[in-house]
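> Have a look at this one.
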Amino acid sequence: MTLLDQTLEDTRATAAATGASATERFRADKASLADTPPERVSTLAREVLEAVHATIRRHDVTYDEFNALKAWLISVGEDGEWPLFLDVWVEHVVEEVNSAQRAGSKGTIEGPFYVPGAPRGTGSTTLSMRADEPGTPLLFTGTVTSVDGTPLPGALVEIWHADADGFYSQFAPDIPEWNLRGAVVADEDGSFSIRTVQPAPYQIPTDGSCGKLIDAAGWHSWRPAHLHLKVGAEGHQLVTTQLYFPGDPHNDDDVASAVKPELMLDPRPAEDGNGAEVVYDFVLDRATTEG
């Protein structure tokens with residue numbers, strides 16, 4: 001095996017492990033459906049099945065196609081890729097519905113690679129990174145305010161993103177645990193500052209079941225370069241979002257359909273001549289009360 005073959009094999013192994021890692025993380029971090037009323041489960045399940053039935057009738061689906069679907073669904077579970085599948089092709093609609101009434105900053109999908117508990121600083125922070133971390137240095141600054149313009153000191157800004165090879169720490173081997181992951185607590189005027197490196201576009205893992213769907217349908221697997229963020233403050237609604245860079249060829253055809261015009265950054269050369277800097281302010285809606 002040549003060095004190139006070994007490199008490609010390592011990359012495939014890394015991509016294959018991503019699904020299992022995402023599944024394990026989801027099971028550890030997310031709430032169950034135990035509190036969903038049976039009537040609600042029945043309604044949603046019935047309508048999803050009715051949509052499947054309608055598709056079968058409309059397109060005269062054959063037994064060969066049906067069996068291919070069954071085999072693919074089984075392989076999605078075996079590969080641990082249900083989080084990837086749902087986050088890439090379904091979550092953007094769930095996010096759209098759940099944030100429709102917000103007046104503040106736009107959100108978008110969380111994706112499968114969030115990890116809680118990242119190291120945090122106050123006011124400003126530099127994300128943990130390797131000594132030889134590739135990528136253009138990036139200074140990211142902004143403020144967090146309420147919809148009425150009131151600064152929100154103590155707001156928590158969490159950030160994570162892929163490295164220059166498109167891999168996320170804790171979901172790929174040989175990357176330090178908190179690499180390019182961190183959080184910062186906004187200071188007394190709601191401002192924050194984060195130093196990191198600019199991420200690169202990447203392909204979602206294609207060596208498993210999701211890749212088979214992409215190949216069979218003739219789709220592409222690219223996501224544009226982006227920063228993931230969660231921004232929250234006491235008494236306000238949490239915003240989960242991604243921020244994008246202009247000029248990326250996949251801003252207009254993101255495989256995850258997560259790009260929105262309001263989420264586009266405006267990078268400028270850094271004042272110190274070292275890389276780029278961006279400014280993005282977050283506006284949070286007040287928490288809703290029930291009853």
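> What FRET efficiency comes out for the pair V279/D252, r = Cβ-Cβ distance, R0 = 30 Å, nearest 0.05?
Computed FRET efficiency for V279 and D252 comes out at 0.80.
> Rolling a 1.4 angstrom probe over the protein heavy atoms, how many square angstrom per residue are accessible across segment 241-291?
Ligands and nucleic acids excluded, the result is 57 Å² per residue.
> OK, next. With an 8 Å cut-off on Cα pairs and a minimum separation of 6 or more residues, tell me the relative contact order of the chain in percent. Let's see the in-between values first.
Details: 514 pairs, mean separation 63.0, N = 291.
It rounds to 22 percent for the chain.
> Any idea what the dipole of the chain comes to, in debye rounded to 20, about its Cα centre with Lys/Arg Cβ at +1 and Asp/Glu Cβ at -1?
460 debye
> As an exercise, find the ratio Rg/Rh for the chain from alpha-carbon atoms, using the Kirkwood inverse-distance average for Rh.
Here the Rg-to-Rh quotient is 0.99.
> How big is Rg to Rh over segment 98-185, alpha-carbon atoms, Rh as the Kirkwood inverse-mean-distance radius?
Looking at segment 98-185, the ratio lands at 1.00.
> Another question about this same structure. At 222 nm, what value in deg cm²/dmol follows for the chain if DSSP H runs of at least 4 each add -39500 (n - 2.57) and the sum is divided by all its residues, to the nearest 500?
-10500 deg cm²/dmol
> So, one more: Leaving ligands, DNA and RNA out of it, work out the accessible area of F66 with a 1.4 Å probe and give it in Å² to the nearest 10.
About 90 Å², rounded to the nearest 10.
> Place +1 on the Cβ of every Lys and Arg and -1 on the Cβ of every Asp and Glu in the chain, take the dipole about the Cα centre, and give the residue among V231, T36, T122 whose Cα lies farthest towards its positive end.
Result: T36.
> Using +1 at the C-beta of Lys and Arg and -1 at the C-beta of Asp and Glu, which of G208, V184, V197 has the Cα lying farthest in the positive direction of the dipole of segment 174-250?
G208
> Sticking with this one: Test of understanding: what is the full-extension gain from T206 to D189, defined as 0.36 nm times their sequence separation minus their Cα-Cα distance?
That works out to 1.7 nm of additional length.
> Of the peptides 47-56, 75-84, 97-106, how do they stack up when ordered by the mean number of other Cβ atoms within 10 Å, highest first?
75-84, 97-106, 47-56
> Taking 0.36 nm per intervening residue step and subtracting the Cα-Cα distance, what contour gain separates I56 from D165 on full extension?
35.2 nm
> Heavy atoms only, probe 1.4 Å: what % of the accessible area of the chain goes to carbon and sulfur, would you let me know?
54 percent
> Work through the residues other than V76 whose Cβ is under 15 Å from its Cβ and net out their charges, Lys, Arg +1 and Asp, Glu -1.
Working: positive: K70, K212; negative: E78, D79, E81, D87, D207, D215.
It works out to a net charge of -4.
> Something else now. Note down the magnitude of the dipole of segment 123-216 about its Cα centre, charges +1 on Lys and Arg C-beta and -1 on Asp and Glu C-beta and zero elsewhere, to the nearest 20 debye.
In debye, rounded to 20, segment 123-216 gives about 100.
> Using Cα pairs closer than 8 Å and at least 6 residues apart in sequence, work out the relative contact order for segment 187-238, in percent.
Computed value for segment 187-238: 34 percent relative contact order.
> For the chain, with the dipole built from +1 on Lys and Arg beta-carbon atoms and -1 on Asp and Glu ones, taken about the Cα centre, which of G275, H250, A287 lies farthest toward the positive end?
A287
> Between D266 and E234, what length comes free when the chain is fully extended (0.36 nm per residue of separation minus the Cα-Cα distance, one decimal in nm)?
Full extension of this stretch gives 8.6 nm more.
The values are calculated or read from the model by the stated rules, or taken from the named source; none is laboratory data. Please read all numbers here as calculations on a predicted model, not as lab measurements. Virtual Cβ from ideal backbone geometry, glycine too; neighbours counted across all protein chains shown. These area figures cover heavy atoms from the full protein model, side chains too; ligands, DNA and RNA do not enter into them. Shrake-Rupley method; radii C 1.70, N 1.55, O 1.52, S 1.80 Å.
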